[in-house]
Structures are given as C-alpha cells and as structure tokens.
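The structure appears right after this line, and notes come after that.
Bear in mind that the values in this text are calculations on the coordinates, not laboratory data. Nothing here was measured: the structure is a model prediction, and the numbers come from that model. Here the Cβ positions follow ideal geometry from the backbone for every residue, glycine too, while neighbour counts run over all protein chains shown.
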C-alpha cells in the first residue's frame, strides 16, 4: 500500500509554530487554550508541563506565560507585563500583521475598518491597536458609520475573500482613498485544494478529524466527490482493514484541528495492515 | 413659461475653469485644442485672441501658453519650459490629482496600475509621473503583468466605476496591499442624474448638444423616459414654437460639450416665444 499525504493538511502554519514554541517552553502556562483541541492540550501538559491559565490576576510573579495564536489585546498585554517579565509570544504572524497595520494606519490618520467578528479573540486583539476602529461583518453595518476620506482596511484571517471584496467595493464608492490590506489566510482553502487534487489520484482516501468539525466534513465531502472510497475517521481505532483490500494507493488528509501525532498513528496502523 | 435648468448640465467643472482661465489670458495660445468644441474654440480666438498651437518646437520665446484640461506629460512640460517662462496651467484639478498620486506612490515603492486608455492625452500625462506604470483597460490585460506586493491604483477620470471595481477585486487577490485612489469624476453621471430628476417635474424637456455626441444622446434618452415631450437640439435655430403650446414648465439640460452661451441663446429664444 502506497500512502500519499496531501500537499497541505491539518494544522496551519500558525498553530504548528505555536505548538513548537510551547514544546520549547517547559514549565510555562498558556493564557487561554493554545488551540481548540483538548487531546493536544493534554499532551502539552503531560509531556512538556505546559499548563493553562485564564485569569491574568492569577499569574504569579515572573512566571512564564505563552500568548496564544489569536494574539492579545494591548491593554491585557500591559496588565500581563505588570505581572511577569517572562512572556513568550506565540501569536500567529498573520495576526500580528493586521495589529501592526491598524496601529500604523491610525497614526497616519486613516479611518480603520476591520472586516470580522468583534467578539472573536483575534479581532479583539487587532481592535486594541487601532484608534476608534469600525468592525463590521457586512456592508449593511458599514452604511451608518462615519468615515474619513482616507480609510485603511484589514480582515480577520479566517474570513471569506468574496465577502471582503464586497466591503471594499462599497468603500471605494464612498472614500477617496481605500488602503486595502489582504490579511486573509488561505490555510483552510489550501487544505481543501490539496485534498481535491490528491483524491483524484488515489484508490482510497482517509480524512482524519472531528466528526463535528465543519472544516473536516468539508474536506471529506470534497474527497468523496473524486474518490468514492473516502472515509472520515477521528483516530486510528476507526480504521477497517477491509477498506484497503485490492487498493494500491491511499491518500491522507486531515482537518485543521488534527495534530500530526494522531495522523502518524493512522499511517502506522495502515502500514501494519500490510495490504 | 417657467424655465428650469437641471441642477447639473453642460460643461464639467474642469472645462468651465479652463475656459475662464483662457478668457483671462488674452493673446495666448493653447497647446492642443482646449476642449473638443469648435464653436467655443472659435469664440475664444475671436473674442479673446486665444489661439491654438500643436507643436512645442514652434512656440516663440516667452510666448504665453495654456496647458489644457487633460494635462501634459512631464517631458513635454520640460520641453515647453525651455521655450517659455509664461505657462498657464489649465489642467483639471481632477487630473492633476492622479499625476501627484502616482508620482508619490512611485517614490514610496508601489507598483502603479492605471485604469485607462494609454493613448488618451490625460493618461499619457498621468503615466509620465509614474515609474514603470502599468496601464490597463481590463483584468485580462493585468494578468500577464509583473506586480510588486504593494500596488497603488488610479483611474482615468471618465471611466466607469464598476469596471474599476473589477480591477480592484482582481488586485486584492494578487497583492498584499492595494492602495485604491478613486479618481473617477462623476460629472457625466451628475448631469444624467440631474436630467432624470428634472424631466419628472416638467411638461417639456429641451436637451441641447451634438446629435452625434453619445453623452448628449444618453441625456435625451433618460429625459424621454420621464417626459414624452423631450427634444434634442443643437442650437436655438431648431426650436419650434408649437412644442410649447399649453405647456407650463420647460426643463433644460445640455451635453458635456455644450457651451453656456449656446444654452443661453436657447433660453432667450424660448422666452421670446412668450408662450
């Protein structure tokens, strides 16, 4: 059985980087869960003594605190800095970027329009770097807002590009200058494109991820379109030897919240089948 | 007969301004025709001794030269400055603006994308202020072009806004930063909107302009939709007294190349009818 991994699968760049940082920072705490995967958080705790803390007030003096991928609001960072000098920043660079952009653009006198969800931790962080930011999810919300002639815009990393275009098309009409920063991250779409490509060239396709995860289910749907023998599993225990009979090439993809070690266990188990 | 003028009609701001400048600069020459209306150019020559010159080489030492609404390319301006110190700039401020923008943005290291016709005098002028400008009329033309991560864009003043949006939607996808300057001038659309509004409240509508002029014909079409007694005329000689019988309110609009004095003659003639 030949096993082929999709060109892009599982964790995105920012999450991989944050986990690596956590592994290299033993005896630390993350401020809020590092990522949304309990198994992985347990592993970091058991193997690397990376614990979890929710409340800045409870941070002990000069204890090592890791800032998670979503970033942190400016005032919360200041509060944290009062508690400890040992702060490790695992903010995804794709999130740090819009923070820096809105800070600079605010200084240069632009109105700041953020396309995203104001209740999401990533956007709370970005907002904190802007002067009077306007945060919207669609054009309707923008219409009543006061804007300067010069507007600078950023988008939440996980937003759909087509929706961002609608915001820009509206702003172009209303403002003399619109400075558009494309801060959308393609990770989810890259996983989908890679799964689509791979599923066309294999006999069986295994998609690993939570059965409630919308991005995993989307991957599975895409694979099923191209390869009728596609299966969605949460871990290696769900594999069935019979699936692989008379198959030559097995493709693997995984949802955005699936750690590599779970993927590796699936691969090992398939190899054990010796089909 | 009550006569009502459309809120916006005839010459745009830039053309009106250029004619005023020419009238105030007797014994001068315009470099190329000031505007595209022969009757008006003849009037400037006869009444204000404003002549026409096409070739910079033929400019006499320190003779007074008027730069027309479209602007002038940087190198041609330099050539002209060698010939004379007396240069009067009648470039439309809406054209000067994109010239200044592309010059500044080139200095700041942006790729310059100009949405417009590279053979149009306005765009030739704007191009001359940019470093390696990319001039396109649609997205297809852009696809093969090399672009930096940072792009700044301007549009020819007379382009359609919806077409500019298409260019921006494409660039957003390809570049990290797109700095959109909305340099489209709404004059044509303002004339149309005003004619539409006025034609709804009058009994007869007179549209003055060239019968071959596409913007005049468009005005006439809009008026006809709202007022069945709409007429398109080139000057006062085409007016027919019978049109005005039993009419109380007469609306007036005019194409973008119609001088005010022709409009005035039409109004005077209608008043003479004493309907």
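Overview of values
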| item | result |
| --- | --- |
| Ascending list, in nanometres, of distances separating the residue A:247 label from those of the other copies (7 Å, Cα toward Cβ) | 8.0 |
| Cα-based helix-to-principal-axis angle, A:93-107 vs chain A, degrees rounded to 10 | 10 |
| Modelled FRET efficiency - R0 22 Å, residue A:193 with residue A:16, Cβ distances, 0.05 increments | 0.75 |
| Relative contact order of chain B, defined on C-alpha pairs under 8 angstrom at six or more residues apart (%) | 21 |
| Mean separation of Cα contacts under 8 Å, 6 or more apart, over the residue count of region B:138-275: relative contact order % | 22 |
| Hull-based mean projected area of region B:70-141, where the convex hull spans the alpha carbons, in square nanometres | 5.2 |
| Helical mean residue ellipticity (222 nm; -39500 (n - 2.57) per DSSP H run of 4+; nearest 500) of chain B | -12500 deg cm²/dmol |
| For region B:150-165 versus region A:156-180, the gap between their alpha-carbon centres in whole angstrom | 15 |
| Region B:94-180: translational diffusion in µm²/s, Stokes-Einstein, Kirkwood Rh over Cα pairs, 37 °C, 0.692 mPa s | 261 |
| Crossing angle, helix B:161-174 versus chain B [Cα axis fit, 0-90 degrees, rounded to tens] | 20 |
| Degrees between helix B:13-23 axis and first principal axis of chain B (Cα, 0 to 90, nearest 10) | 80 |
| Overall form of chain A per C-alpha gyration tensor (a/c, 1.5; a/b vs b/c) | oblate |
| Chain A Cβ-axis minimum, rotational copy B, residue and distance in Å | A:179, 3 |
| Euclidean distance of C-alpha centroids, region A:207-232 and region B:5-34, integer Å | 67 |
| Long-range tail of P(r) for region B:212-257 (Cα pairs > 14 Å, %) | 53 |
| Computed over region A:15-91, Cα set: Rg, Dmax in Å | 11.4, 32 |
| Average partner coverage of B:162-169, which counts Cβ from other chains inside 10 Å | 3 |
| Cubic angstrom per residue, convex hull over Cα atoms of region B:177-275 | 105 |
| Copies compared at residue A:212 - label distances in nm, ascending, label defined 7 Å from Cα in the Cβ direction | 7.4 |
| Proxy reagent accessibility, fewest Cβ within 10 Å first, across B:115, B:244 | B:244, B:115 |
| Shielding by partners - mean other protein chain Cβ count within 10 Å, residues of B:174-186 | 5 |
| For the protein assembly as shown, the Rg and Dmax computed from alpha carbons only, in angstrom | 33.0, 104 |
| Label 7 Å beyond Cα on the Cβ vector: residue B:85 copy-to-copy distances, nm | 6.8 |
| Mean-position separation - Cα centroids, region A:124-139 and region B:48-67, in angstrom | 55 |
| In nm, spacing of pseudo-spin labels at residue A:273 and residue A:238 (7 Å Cα→C-beta vector) | 1.5 |
